[in-house]
Amino acid sequence: MVMMNVGVSTSAPLHPTSDTSVGTPTFSVVDYVVFTLLLLLSLVIGLYHACRGWGHSVGELLMADRKVSCLPVALSLLVTFQSAAAILGVPSEIYRFGTQYWFLGCSYFLGLLIPPHIFIPVFYCLRLTSAYEYLELRFNKAVRICGTVTFIFQMVIYMGVVLYALSLALNAVTGFDLWLSVLTLGIVCTIYTALGGLKAVIWTDVFQTLVMFLGQLVVIIVGSAKVGGMGRVWEVASQSGYISGIELDPDPFVRHTFWTLAFGGVFMMLSLYGVNQAQMQRYLISCTEKAAVLSCYAVFPCQQVVLCTRCLIGLVMFAYYKDDSNTMSTQQRQAVPDQLVLYFVMDLLKDLPGLPGLFVACLFSGSLSTISSAFNSLATVKMEDLIQPWSTQFSETRAIMLSRSLAFGYGLLCLGMAYISSQMGPVLQAAISIFGMVGGPLLGLFCLGKFFPCASPPDAIVGLLAGLIMAFWIGIGSIVTSMGSGVAPPSLDAPSNLTTATVTTLIPSITLSKTTGLQRFYSLCYLWYSTHNSTTVIVVGLIVSLLTWGMWGRPLNPGTIYPVLPKLLALLPQPCQKRLCCKSHSQDSPVNTALFPEKMRNGVLQDSREKEEMAENSSTYQGCSPTYVVQETSL
């Protein structure tokens, strides 16, 4: 769930003043049947893959044996962080503030097209299982552990909050039992994730993608039909000034502008699609590097469709309640904005049994995909980064049982975090914010390693700590300041930010006086947080590197560096390249040491026979791009 600071005067549509009051909408038998079918089919898919893969390798359990094709990977990438908060938040944002938020789609151009060219080839050629293994290859084990612990902290807090927040909204609007939905969602997700592994998660994601799209499409079709068609919806929105133009105000403290959405959103997208373990794991299970790259490309148009779908729901909701024949109940007018879409759907579809159940199934699909991805990625990093490096004497059977136990354990932990969330009260919003606070510093840590060969392990650790301190300082300071002023605090829910940058809804429609000093600093738009925090990591890391001489005189693993300078020089004419005494990185016959990370720990090849052996082996490997190779000479 995403909220943000109010930097400018905003206005929401005036609610109908009718005092019509209706009871809390309830599910019909058909609705319960539709909803139950979703859970059963998700469970069956997981059990099917569990039976097929029972007794197989731990690689199949955690990495689907690295043989998944492009389409299922792309759909899983699409819905991994499409939580229910995104489905409810974007339409509510459009309903209250207009279509300015639609310009977030511009950030998808760079946010989804940079990873296939920079992040995926390096990770894929290193044959990693955990994204944080890269940090050990580039820096050392201490940096790897710091990155892993940061990620675990981020995901453990977030997954419980996601589970509880959805159940709370459903309970308030539909009368759906709060703890029954928490337990049902948590148990079903835990069973199919722990038993079926990543392959079960991938294929349930494919099924849940269809359910999510169908549920939202039904709302658009029925809603637009009731107000006179999509032409009428657009006409009503235009007449009310809700079709926004391009706002070019460069002020980073303004809530939403073109620059904030189109460029601030890029770093949020990169922190998810570039370095997040849950997404990176999906790239790494692709059958070839080309399939991994194509799957990321495929997400781009799909994300645009998802964003447009949710924006259209918001416009349909606005046009629906602009009609005098459709009035809001007292409950609706008193509801928090997070619940507006649910109330609208229950009102819109109340005479069509089964369709409210389909939309709730759509919401549960979003949460199932998010939570199952969290379980699997947490089990993977715990196994690969914190257990196997210290306990190498694992049999295959024991490793499989331990991996499944970890997934079960995180499932129980998720239920525990959901209970803790129910007791947190106002602190709940701070817990949600933690996810977004951590994403930016992790992005900065990976960028520091990839683009700056001078950065050493101490530089990375100090930079990461500085980024985290800055992130929590701004984030918590903003929350405390907002609570003290009586304004709802901003949330930084990165998954909804990055997949659809969900802008909620807990912002009152008021005009605030201009703040100064630290309060002004705390009012930085949430979309710039990842940019600010990742930049802090890089700048502090480079400053420490200059003071400590960084990697000067130390061996460097060349397969972990993205060749920025050689790529830029390769674009120059040949005379210029010769004048600069450089070679294109594609010249000569390189040895692809990135394929053999275990032999690259010291960054140097030991002898000519080993070089020849590696060169022969590299010719048999499928899918590794020749762009990401290094010369035989040490850097």
Query raised in the report: What spacing in nm lies between the two simple spin-label points modelled at VAL33 and LEU572, each 7 Å away from Cα in the Cβ direction?
Result: 7.2 nm
Report summary line: Per the Cα gyration tensor, the range 346-394 corresponds to an equivalent ellipsoid with semi-axes, largest first in Å, of 44, 7, 4
Query raised in the report: In terms of solvent-accessible area of protein heavy atoms at a 1.4 angstrom probe, what is the ranking of ASP385, ASP65, highest value first?
Result: ASP65, ASP385
Query raised in the report: What is the Cα radius of gyration of the range 62-158 over 2.2 N^0.38 Å, N being its residue count?
Result: 1.39
Report summary line: Order by accessible surface, 1.4 Å probe, largest leading, for residues HIS256, HIS117 comes to HIS117, HIS256
Report task. Would you please give the FRET efficiency between PHE394 and ILE145, computed as 1/(1 + (r/R0)^6) with r the Cβ-Cβ distance and R0 = 25 Å, to the nearest 0.05? Result -> 0.85
Query raised in the report: Which value in Å is the Kirkwood Rh of the range 311-425 over different Cα pairs?
Result: 18.1 Å
Query raised in the report: Which Cα, out of PHE258, GLN303, GLN239, lies furthest along the positive dipole direction of the range 231-333 (beta carbon charges, K/R +1, D/E -1)?
Result: GLN303
Query raised in the report: If you roll a 1.4 Å probe over the range 267-395 with all protein chains in place, what percent of the accessible area is carbon or sulfur?
Result: 58 percent
Query raised in the report: Roughly how many nanometres apart are two label points built 7 Å out from the Cα toward the Cβ at GLN304 and LEU248?
Result: 2.3 nm
**Report entry** Net lengthening on full extension, CYS51/ASP324 (0.36 nm per residue, minus Cα-Cα)
**Finding:** 92.7 nm
Query - Integer Hz, Karplus 6.51/-1.76/1.60 couplings in order for the range 394-403, x for Gly and Pro - result: 9, 6, 4, 5, 5, 5, 5, 5, 5, 4
Report summary line: Distance in nm between LYS67 and LEU113 label points, each 7 Å along Cα→Cβ, equals 3.5 nm
**Report entry** Members of LYS199/LYS382; LYS290/LYS567; LYS141/LYS199; LYS67/LYS567; LYS67/LYS450 lying beyond 23 Å, as alpha-carbon distances in this model show
**Finding:** LYS141/LYS199; LYS67/LYS567; LYS67/LYS450
Requested in this report: Between the alpha-carbon centers of the range 234-259 and the range 330-402, tell me the distance in whole angstrom.
Outcome: 32 Å
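The values are calculated or read from the model by the stated rules, or taken from the named source; none is laboratory data. A quick note: this is a predicted structure, and the numbers were derived from the prediction, not measured. Heads up, the Cβs are rebuilt from the backbone with ideal geometry, glycines too, and the neighbour counts pull from every protein chain shown. Remember, those area values only see protein heavy atoms, side chains included, never the ligands or the DNA or RNA. Shrake-Rupley method; radii C 1.70, N 1.55, O 1.52, S 1.80 Å.
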